[in-house]
1. Quick check on packing: order 416-423, 585-592, 466-473 by the mean number of other C-beta atoms within 10 Å, highest mean leading.
2. Stretch ASN233-ARG432 to full length: gain in nm at 0.36 nm per residue minus the Cα-Cα span?
3. Where does each of TRP7, TRP559 land when they are ranked from fewest to most other beta-carbon atoms within 10 angstrom?
4. Sticking with the crude label model, points 7 Å out along Cα→Cβ, report the distance from SER488 to ARG594 in nm, one decimal please.
5. What percentages make up the Cα-Cα pair-distance distribution of the range 507-625 when the bins are 10 Å wide from 0?
6. In whole Å, what is the distance between the alpha-carbon centres of the range 352-377 and the range 380-433?
7. Distance cut-off 32 Å, Cα to Cα: go down the list LYS10/LYS74; LYS355/LYS501; LYS10/LYS268; LYS20/LYS117 and report the pairs above it.
8. Quickly estimate the mean residue ellipticity at 222 nm for the chain, helices only: each DSSP H run with n ≥ 4 gives -39500 (n - 2.57), and the total goes over all residues, rounded to 500.
Amino acid sequence: MGKLTQWREKYVEKVVTAKKAVADVKRGQRVFIGSGAAEPQLLVEALSERGNELADNQVIHIRTLGVAAYTESKFSDKFRYNTFFIGDNVRDAVSQGRADYTPIFLSEVPRLLYQGKATMDVALIQVTPPDEHGFCSYGVSVDIVKAAAETAKIVVAEINPQMPRTLGNSFIHVDQIDRIVEHDAPILEMPSTPVDQISQRIGHHIADLVEDGSTIQMGIGTIPDSVLMELRNHKDLGVHTEMLSEGIMDLIEADVVTGACKTLHKHKVVASFALGTKQLYDFIDDNPMFEFYPNEYSNDPFIIGQNAKMVAINSALEVDLTGQVCADSVGTYFYSGIGGQVDFIRGASRSAGGKPIIALPSTASVDGKLVSRVVPMLNQGAGVVTSRGDVHYVVTEYGAVDLHGKTIRERVLALVHIAHPVFREELMKVAREQHYVYADQLVNRGIGLPEVEKLETVMIAKNGIKVHFRPVEPTDEGMIQELFYRSSIETIYLRFFTYLKALPHSKAQQMAYVDYDKNLALVGSIMEEGHEAIIAVGFYSVDSDTLYADSAFMIRDDWQNQGIGKYLMNRLIEIARERGIKGFTADILTRNTRMLHVLRECAPAPVESTLEEGYYHLTFPLSKQ
């Protein structure tokens, strides 16, 4: 008798009803239930029906989508539920003390099982029918299911022909299954929710951080969905993620996700589970572009870090002013879990050119009241999932900031100014009281507003280098000081009309603080030695009586004669005209011939000039005459 025939005969012998399949579950045993959309619904129902016959049984799994009757209060003495990640269907049971939550990095859950620290007596799983060699695929959930099936004393499999066959390290042989229940039923689905305006803006900011050729990781929800929508103009992206959702299909079909630049599993989409609709499940079915792996591999930070330009995108419930991230609880109320956030944050931080990102809306509604998610300190009882040392990028609808390697003062300035404008002064007040920032630190409520973001432009200088122009921000104070100290004595004199030797906080802050209306400053920045550097500043300040604006410029010496001054002048004129400003004035030293030339060349109307002591006072209207 050949091996091919042997497994087929054993398969037939193992087929039983769901009721009989769970009949061997004894009191006091630990029962594992398959994850996510692969939860074996028929087996869970049969187990729950045996509730009155059982006692002190532990039911263990990560997030599931289906019914969880074993968490009902009537089964309190029968089942004790334990989860590694809290889903909607069990949150009440955990909060009411009828179920347990085990906080742990998802990458380390399989190790618990293999080392025997969390032994499983019975594993209830759902898989595909076997192929010609007797191998069943774990389908949409490999995650920790593979480790549970390989360590459980008894494996009961619900075999469903509607389960998509996923490839990779995603198989179990019929010989490793003890009981088989055949069940033809649709796989559980989680449709995506419509993207709102806030999520769209967050997605836009994140997409700006993603370079062509990057490898991305993201979860499920409106923010990940909005990011995927905003990535449609990118090229050659790769995917190494914990979870797959619907949006990935559009990017693959649009040739945005190709995996061509991946440094690990080139041309492959790597995941551990999928949550979506039948359309997604059909798309991944037997698709060689997708490889599913268990969490000890997909979530291993050292594996993740082998992907160059790894971008990890994860969510949070709140972030404090020092950069601590809470993602699993609201105060003492456990809401979700650690999951794979830290795995991917640390993995991306080890990646060459990697970007670990925490994304969250700036506010939440609590009992009908708007509250800030950027907080002076985490709520009492809130857990730190991503620590101050691990945090890098934080993104809200008001912008993206990089906290890594930054001082507490720099972090506070950054986080306050991506908080909702309504809460910025209150947050800064606490920061001043805690001596996190200067006692006279100012707050700007205009940063991150759409009308301010629209002022951003890009130019190619004469030397061929791209220069990014944007409105100045309070966080630019340090870069403005750097611009000052890298400028020559002559450049400083031409700008300030004196041989200024220092630019302390009090002066630099004034240059970095504008209202974006009557006062506006644009900075030109480049990427220099891996970080942003300001190489030019141009500003105007409006006289409310005359509606004429005084203007001034400062350009770093090594960037002069590159067309920067002319570009800045034209941009300020364009913006001022749109805002109803009537004209510009400027005081320019007589020896500053280059600036005199720029002003006269850019002025849309004849320039009136008055010679004062050593300088010209220039005036011109913004309307052509």
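Quick note: the coordinates plus some simple rules give every number you see, no bench work behind them. No experiment lies behind these values; they were computed from the predicted model shown. Methodologically, a virtual Cβ is constructed for each residue, glycine included, from the backbone with ideal geometry; neighbour enumeration extends over all protein chains shown.
1. 416-423, 466-473, 585-592
2. Residue separation times 0.36 nm, minus the Cα-Cα distance, leaves 67.4 nm.
3. With the sparsest Cβ surroundings first, the list reads TRP7, TRP559.
4. 0.8
5. Calculated over all Cα pairs of the range 507-625, the distribution is 13, 44, 35, 8, 1 percent.
6. Centre-to-centre distance over Cα atoms comes out at 9 Å.
7. Among LYS10/LYS74; LYS355/LYS501; LYS10/LYS268; LYS20/LYS117, the Cα-Cα distance tops 32 Å for LYS10/LYS74; LYS355/LYS501; LYS10/LYS268.
8. For the chain, the value works out to -7500 deg cm²/dmol.
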